[in-house]
Amino acid sequence: MSDSERVLVSSTEGRVLILRLNRPEKLNALTKELHDELLEAVTRASTDKSVGCVVLTGTGAAFCSGGDLGSAPQGADLQRPAQEDRADTLLHHGETTRLLHCMPKPTIAMINGVAAGAGLALALACDLRVMSRAAVLTTAYVKVGLCGDLGMSYFLTHLVGTARARELLFMNRKLDAETAWQWGLANRIEDPGSVSAVTLGMASQLAEAPAVAIRYMKQNLLRAETQTLSEVIESEAFGTARCGRTQDAKEAALAFREKRPPKFTGS
């Protein structure tokens, strides 16, 4: 099967894994097939030691327009067994955003175009978001009579606070790149022609960083979302003690003395 026929295209640049949603004619809307493939790819990446950073993006003019309503079952979805099956599927697919958020390596959403509904949830799950100036963010759920999935409520509340999370979900407000950056939903905004190069440059830098240190940084930040100050200080203390025993820490000290850039190996 050629790349043009695949619903998910993966490629690597050094230690950067690029996952590209590939349904441009449908604005990369998620079908069960596409989301199953995405979950499988993200699961593999989370434990693949050759991958130092994961970039998620879309083909064409969109990042991801959300779930493909045209592929949803009709009629039978109102029956109780089908409802339970649907909930099981959503829980299963929710593992994708959990892994993007929690895997022990950096994840970046390269938001090349519209990110709506479940597509926005995928972007918010990533550690960093680089957004094209031409892109737009929107929750989109209320206009189709849905309440949100894949952790949308969690990510919005943590990123923009409860008041703005409610506004975005209840009112379906569309955010341009500048507003998204002002609200803290985008780390960088770039012209459409440079968003890919900037994102991959950031990803390459992260992929070559000391992997054990990045792992514990991410663990500490995740714990800071839900735990007490004392618990986070304890986590940081353990992580710092562990990192101090790595070859990368020794290399950093040696490179400092020799006045050269360190060469990290992830060990």
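General remarks:
- Restricting the first member to segment 109-131 and to residues that are without any contact (Cβ under 8 Å) to a residue 40 or more places away in the chain, and the second to residues that are among the charged types (D, E, K, R), the beta-carbon pairs closer than 7 Å and six or more apart or on different chains are ALA121/ASP149.
- Number of positions in segment 122-148 that are open to solvent by 10 Å² or more (accessible area, probe 1.4 Å) and either small (Gly, Ala, Ser) or more than 17 Å from the chain's Cα centre (by Cα) (or both): 11
- Some residue of segment 95-112 being modelled with pLDDT of 95 or more, surrounded by 24 or more Cβ atoms within 10 Å (Cβ to Cβ), closer than 22 Å to LEU200 by Cβ and of a type in the set (Ser, Thr, Tyr): yes
- Residues of segment 211-238 satisfying the condition of being surrounded by 15 or more Cβ atoms within 10 Å (Cβ to Cβ) and either free of Cβ contacts under 8 Å to residues at least 24 places away in the same chain or basic (Lys, Arg) (or both): ARG215, MET217, LYS218, ASN220, ARG223, VAL232, SER235, GLU236
- Single residue of segment 197-241 satisfying the filter (charged (D, E, K, R) and over 27 Å from VAL55 (Cβ atoms)) that is nearest to the chain's Cα centre (by Cα): GLU236
- Tally, over segment 125-153, of residues that are basic (Lys, Arg), outside any loop (DSSP other than H, G, I, E, B) and modelled with pLDDT of 95 or more: 1
- Close pairs (9 angstrom Cβ cut-off, 6 or more residues apart or separate chains): closer than 21 Å to PHE155 by Cα in segment 181-201, of a type in the set (A, V, I, L, M) and part of a loop (DSSP other than H, G, I, E, B) anywhere: ALA186/ALA135; ILE189/ALA135
- Pick from segment 1-60, criterion of a type in the set (Lys, Arg) and part of a helix (DSSP H, G or I), ranking: surrounded by the most Cβ atoms within 10 Å (Cβ to Cβ): LYS26
- Flag for ALA241 being more than 30 Å from ALA135 (Cβ to Cβ), open to solvent by 30 Å² or more (accessible area, probe 1.4 Å) and part of a helix (DSSP H, G or I): yes
- Scope segment 160-202; condition more than 13 Å from ALA135 (Cβ to Cβ), open to solvent by less than 70 Å² (accessible area, probe 1.4 Å), outside any loop (DSSP other than H, G, I, E, B) and in contact with a Phe, Trp or Tyr (Cβ under 8 Å, 6 or more places away or on another chain); matching residues: VAL160, LEU169
The values are calculated or read from the model by the stated rules, or taken from the named source; none is laboratory data. Quick caveat: nothing in here was measured; it's all calculated off a predicted structure. We place every Cβ from the backbone using ideal geometry, glycine too, and count neighbours over all the protein chains shown. Please note that ligands, DNA and RNA were not included when accessible areas were found on the heavy atoms of the full protein model with its side chains. Shrake-Rupley method; radii C 1.70, N 1.55, O 1.52, S 1.80 Å.
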